[in-house]
Amino acid sequence: METKSIRVAKGLERVIVDDTAISSTDSKGNLVYRGYKATELAEKKSFEEVAYLIAYGKLPKKAELHEFSSQLIKLSRLDNSTIRLLKSISGNAPKLDMLRTVISGMPLEGNDEHKALQMAARMPALIAYNVKAIKPMKSKNANYAERFYNAITGIEDKNLAKYFEKLLILYTEHEFNASTFALMVTASTLAGPQAAFTSALATLKGPLHGGANSEVLKYLLKFKSKEDAIRFVDKKLKAKEKIMGFGHRVYKIKDPRAQFVKLQLRTLSKEKGMYALVEYAEAIEEEMWNLKRIPANVDFYAAIYMYLLGIDEKFYLPIFAAARSFGWIAHYKEQVASNKLIRPDSNYIGPKGLKL
């Protein structure tokens, strides 16, 4: 018997397309990873522990954590073929474009799960490739966040790396977001993890998904006062223009990740003696809420957060990708474990009955 097609909201807004055991938002609006609040994990756990939780469904025991951490270090090393591929790409290419190209073409070994982990483990090394004047770390026991932070900044500082780690954890996973859903569509064709990761990276580039924080930093750095920031909002709204860093498909009142990062920023900015940007940001957030009832999303405060950590803007989006890649591992595994080709119908509205 032929089944009828179902009309759903454009953009699949508020449409449930599948089940997942990886992440969701609870009744109070908290982002939850495998049953745990993401903000509590960011406060109390290491990135490796959270990555393991998301990829394998449980928090690791001590021996499992040690094995996983060691595996990430081992798999992060770049082989000669990958290095040659990196060298062939123009040094002026955006970092995310470079990352997408190399991920699509580098040699991988083992089964699909191992290949996916290999791609995720390599991302910091790929992102940091060609970064000049970076001294090798003195610490031999540095964790994932410390190594990643040092690779892109040259700074060996456990306190600052801890701030960086918290942001990585908040970026690790977020339900069926655009890049994850693109990965799922590709995975559903059984194209393999490399193709699926490439699809996710291509989707992540868009300013309506992962590219917002770079745009946020550009306008924040132009302000000289809170009044400048407020005038900027008023001018944009009057012209009916979008303000990057605001609004989210899921969070209509508050993005708990944004509020967590804002609280971290208040401490970090005092340590750095650089509180002005935070003041401008809070003024914009208040004005946007008062006038439009649109909340700030995590990218809004993450832009300032990474700036104060001394991270170059060109790394912002690749950092998002590196953290989110562990969520992609989980979604790839979940998709292929109970696979059905993702292929929606369409409603044709073009011309009919034309003759040559």
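Look through GLU146, GLU156 and report the one residue that is among the acidic types (Asp, Glu) and either closer than 16 Å to ARG77 by Cα or surrounded by 21 or more Cβ atoms within 10 Å (Cβ to Cβ) (or both).
Being among the acidic types (Asp, Glu) and either closer than 16 Å to ARG77 by Cα or surrounded by 21 or more Cβ atoms within 10 Å (Cβ to Cβ) (or both) holds for just one of GLU146, GLU156, which is GLU146.
Going by the conditions given, is ARG249 of a type in the set (Lys, Arg) and closer than 29 Å to ASP157 by Cα?
No: the conditions fail for ARG249.
Regarding segment 195-214, can at least one residue be identified that is surrounded by fewer than 18 Cβ atoms within 10 Å (Cβ to Cβ), over 19 Å from the mean Cα position of the chain (by Cα) and in a helix (DSSP H, G or I)?
No, every residue in segment 195-214 fails to be surrounded by fewer than 18 Cβ atoms within 10 Å (Cβ to Cβ), over 19 Å from the mean Cα position of the chain (by Cα) and in a helix (DSSP H, G or I).
Picking from LYS205, LYS238, which residue would you name as being farther than 29 Å from PRO94 by Cα and of a type in the set (Lys, Arg)?
The unique qualifying residue is LYS238.
Can you tell me which of (1) surrounded by 14 or more Cβ atoms within 10 Å (Cβ to Cβ); (2) closer than 28 Å to GLY35 by Cβ; (3) not basic (Lys, Arg) is the one HIS66 doesn't meet?
It fails just one condition, (1).
Of the numbered conditions (1) touching a helix residue (DSSP H, G or I) at 6+ places or on another chain (Cβ under 7 Å); (2) outside any helix (DSSP H, G or I); (3) of a type in the set (S, T, N, Q), SER90 fails exactly one; give the number of that condition.
Of (1) touching a helix residue (DSSP H, G or I) at 6+ places or on another chain (Cβ under 7 Å); (2) outside any helix (DSSP H, G or I); (3) of a type in the set (S, T, N, Q), only one is false for SER90: (1).
Quick grid of which residues meet (1) more than 19 Å from the chain's Cα centre (by Cα); (2) closer than 23 Å to ALA330 by Cα; (3) in a helix (DSSP H, G or I):
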{"position": "GLU49", "(1), (2), (3)": "no, yes, yes"}
{"position": "SER70", "(1), (2), (3)": "yes, yes, yes"}
{"position": "ARG77", "(1), (2), (3)": "yes, yes, no"}
{"position": "THR101", "(1), (2), (3)": "no, yes, yes"}
{"position": "PRO107", "(1), (2), (3)": "yes, yes, no"}
{"position": "HIS114", "(1), (2), (3)": "yes, yes, yes"}
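For segment 9-47, which positions are among the β-branched types (Val, Ile, Thr) and in a loop (DSSP other than H, G, I, E, B)?
Once the filter is applied, which keeps residues that are among the β-branched types (Val, Ile, Thr) and in a loop (DSSP other than H, G, I, E, B), segment 9-47 yields VAL15, ILE16, VAL17, THR20, ILE22.
Take GLU109 and tell me if it is of a type in the set (Asp, Glu) and at pLDDT 95 or above.
The answer is no for GLU109.
Considering only segment 321-356, state which residues are of a type in the set (A, V, I, L, M), free of Cβ contacts under 8 Å to residues at least 12 places away in the same chain and part of a loop (DSSP other than H, G, I, E, B).
Listed by number, the residues that qualify are ILE349, LEU354, LEU356.
Given (1) part of a helix (DSSP H, G or I); (2) surrounded by fewer than 23 Cβ atoms within 10 Å (Cβ to Cβ); (3) of a type in the set (A, V, I, L, M, F, W, C), identify the lone condition not met by LEU190.
Of (1) part of a helix (DSSP H, G or I); (2) surrounded by fewer than 23 Cβ atoms within 10 Å (Cβ to Cβ); (3) of a type in the set (A, V, I, L, M, F, W, C), only one is false for LEU190: (1).
Of everything in segment 231-268 that's touching a strand residue (DSSP E or B) at 6+ places or on another chain (Cβ under 8 Å) and part of a loop (DSSP other than H, G, I, E, B), which residue is modelled with the lowest pLDDT?
TYR251
Could you figure out which of (1) at pLDDT below 95; (2) farther than 20 Å from LEU183 by Cα isn't true of SER70?
For SER70, the exception is condition (1).
With of a type in the set (Lys, Arg) and either surrounded by 15 or more Cβ atoms within 10 Å (Cβ to Cβ) or in contact with a Lys or Arg (Cβ under 8 Å, 6 or more places away or on another chain) (or both) as the only criterion, which of LYS314, LYS352 stands out?
LYS314
Tell me whether segment 289-307 contains one or more residues that are without any contact (Cβ under 8 Å) to a residue 40 or more places away in the chain and loosely packed, with under 13 Cβ neighbours inside 10 Å.
So far as segment 289-307 goes, yes, one or more of its residues are without any contact (Cβ under 8 Å) to a residue 40 or more places away in the chain and loosely packed, with under 13 Cβ neighbours inside 10 Å.
Out of curiosity, is THR189 under 13 Å from the mean Cα position of the chain (by Cα), modelled with pLDDT of 95 or more and of a type in the set (Val, Ile, Thr)?
Spelling it out, it is not the case that THR189 is under 13 Å from the mean Cα position of the chain (by Cα), modelled with pLDDT of 95 or more and of a type in the set (Val, Ile, Thr).
Any residue at all in segment 140-148 that's under 15 Å from the mean Cα position of the chain (by Cα), at negative phi, assigned to a loop (DSSP other than H, G, I, E, B) and not hydroxyl-bearing (Ser, Thr, Tyr)?
Checking segment 140-148: not a single residue is under 15 Å from the mean Cα position of the chain (by Cα), at negative phi, assigned to a loop (DSSP other than H, G, I, E, B) and not hydroxyl-bearing (Ser, Thr, Tyr).
Right, THR82: in contact with a helix residue (DSSP H, G or I) (Cβ under 8 Å, 6 or more places away or on another chain) and crowded, with 18+ Cβ neighbours inside 10 Å or not?
In short, yes.
Looking at segment 102-114, I want the residues that are within 14 Å of SER88 (Cβ to Cβ) and have a partner that is hydroxyl-bearing (Ser, Thr, Tyr) and not in a loop (DSSP other than H, G, I, E, B) with Cβ atoms under 6 Å, at least 6 apart or on another chain. Which pairs are those?
What qualifies is SER104/THR198; MET106/THR82.
The values are calculated or read from the model by the stated rules, or taken from the named source; none is laboratory data. Just so we're clear, the structure is a prediction, and the values are computed from it rather than from any experiment. Don't worry about glycine lacking a Cβ; one is built from the backbone with ideal geometry, like all the others, and counts go over all protein chains shown.
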